[in-house]
1. What number of residues within the stretch 22-36 are surrounded by 15 or more Cβ atoms within 10 Å (Cβ to Cβ) and of a type in the set (S, T, N, Q)?
2. Only residues that are open to solvent by less than 50 Å² (accessible area, probe 1.4 Å) and touching a residue at least 12 places away in the same chain (Cβ under 8 Å): list them for the stretch 37-58, please.
Amino acid sequence: MAANKALENIPLNEKLNLTVQEAAAYTGIGQIKLRSMMKEPDCPFLLKVSSHRFLVRRKELEEYLKSKNDLSEA
């Protein structure tokens, strides 16, 4: 249990992958918008873990956002 507690305290900017909830908190983008972006073909920051579990690759998300000026069409 202590190991799990330690893992929970890792800062978001140090995690390799984020949950959608963590990515929303990290970026300020809503979960619904993030999920919509993740449904786009060839989404660069989507990591499919299983048929129902998806993670966000933090570095790829950061690079994606740096390249965008408008997310309203994303």
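1. Selection size over the stretch 22-36: 1.
2. Listed by number, the residues that qualify are Met37, Met38, Phe45, Leu47, Leu55, Val56, Arg58.
The values are calculated or read from the model by the stated rules, or taken from the named source; none is laboratory data. Not measured: the values here are computed from a predicted model. Don't worry about glycine lacking a Cβ; one is built from the backbone with ideal geometry, like all the others, and counts go over all protein chains shown. All accessible areas refer to the heavy atoms of the entire protein, side chains included, with ligands and DNA or RNA removed. Shrake-Rupley method; radii C 1.70, N 1.55, O 1.52, S 1.80 Å.
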